């Protein structure tokens with residue numbers, strides 16, 4: 001776990017502990033004080049395990065007396081009803097933190113599972129599946145970690161990471177040509193990526209050989225035409241974006257492209273069905 005991710009986890013946990021009042025769990029404090037328990041966490045549906053070290057950290061941060069023993073590895077494909085770990089320690093602490101632990105585990109594993117599904121569809125090393133900035137505020141590094149765990153590749157983490165020209169930049173400045181001329185004159189050493197939505201814009205962009213050309217919401221027939229134009233006259237990398245689902249990805253997976261960016265990886269990933277079951281009490 002790198003320092004940036006740990007900081008992100010601490011920030012999210014601080015809010016989670018506060019909003020759930022985990023140290024003021026009335027029911028558990030009245031019924032479970034001085035009781036030792038053991039429990040297992042298991043997947044109730046098939047998926048990719050993501051967040052192993054994060055979950056261990058959460059348990060430890062809440063109560064160092066909680067012991068967790070993992071029987072599965074990070075990024076491993078887990079079958080339905082398989083146990084991933086055993087937890088033991090103070091009953092009131094384990095029960096009080098259960099919901100937060102499961103929220104993290106279900107969210108991260110859900111993203112990793114969906115990402116892996118898209119990665120398996122392309123099934124090659126050439127095309128990389130990229131995430132986007134369509135993440136829950138405060139959860140970006142966590143969600144991007146889950147994408148990587150599922151086999152995907154992180155695009156920019158924030159607006160300062162790269163130069164990415166969007167349709168709004170083009171509209172406000174007047175044209176692709178004007179935008180790229182201004183960027184080339186002013187830019188830092190960062191590579192330029194530009195999002196285009198018409199063949200006219202593509203023909204303008206090609207003249208400047210940007211690092212990456214993103215074809216946004218093009219018809220399949222238009223994508224093929226664009227690829228031929230780019231490959232014949234530029235060294236720019238090609239990214240496909242816009243309403244990418246499993247069906248559309250299968251149709252373009254054999255195209256001569258470099259990246260496919262998919263907002264669904266984070267904004268549409270469901271919570272994986274994962275539960276904690278109490279085994280016994282001392």
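Peptides 235-248, 2-15 ranked from most to least packed, by the mean per-residue count of other Cβ atoms within 10 Å: 235-248, 2-15.
As an exercise, use a Förster radius of 30 Å and the Cβ-Cβ distance of residue 44 and residue 69 to find the FRET efficiency, rounded to the nearest 0.05.
Between residue 44 and residue 69 the formula returns 0.90.
State whether the range 67-147 is rounded, prolate or oblate according to the following rule on the C-alpha gyration tensor (a ≥ b ≥ c being the square roots of its eigenvalues): a/c under 1.5 gives rounded; otherwise a/b larger than b/c gives prolate, and the remaining case gives oblate. Oblate, since a/c reaches 1.5 and b/c is not below a/b.
Each peptide in 95-107, 57-69 was scored by the mean count of other Cβ atoms within 10 Å over its residues; highest first, the order is 95-107, 57-69.
Between 0 and 90 degrees, the angle of helix 220-233 with respect to the longest Cα principal axis of the chain falls at about 60 degrees. With both residues required to sit in the chain, DSSP beta bridges show an antiparallel share near 55%.
Label the range 120-267 by shape, choosing from rounded, prolate and oblate, from the square roots a ≥ b ≥ c of the eigenvalues of the Cα gyration tensor; if a/c is under 1.5 it is rounded, and otherwise prolate applies when a/b is larger than b/c, oblate when it is not.
Oblate, since a/c reaches 1.5 and b/c is not below a/b.
Peptides 83-89, 144-150 ranked from most to least packed, by the mean per-residue count of other Cβ atoms within 10 Å: 144-150, 83-89. Grouping the Cα pair distances of the chain into 5 Å bins from zero gives a pair-distance distribution of 1, 5, 12, 14, 14, 13, 10, 8, 7, 6, 5, 3, 2, 1, 0 percent in increasing distance order.
Can I get the semi-axes of the range 1-153's equivalent ellipsoid? Compute them from the C-alpha gyration tensor as square roots of 5 times the eigenvalues, in angstrom, largest first. Display every interim value, and only then the final one.
Values: eigenvalues 181, 64, 26 Å².
They are 30, 18, 11 Å, listed from largest to smallest.
A crude spin-label estimate for the pair residue 243 and residue 177, with each label 7 Å from Cα along the Cβ direction, gives 3.1 nm. Relative contact order of the range 120-267: what whole-number percent is it, with Cα pairs under 8 angstrom and at least 6 residues apart? Reported as a whole number, the value is 30 percent.
FYI, it's all coordinate maths here, none of it is from the lab. These numbers come from a predicted model, not from an experiment. Positions of Cβ are backbone-derived with ideal geometry, glycine not excepted, and every protein chain shown enters the neighbour counts.
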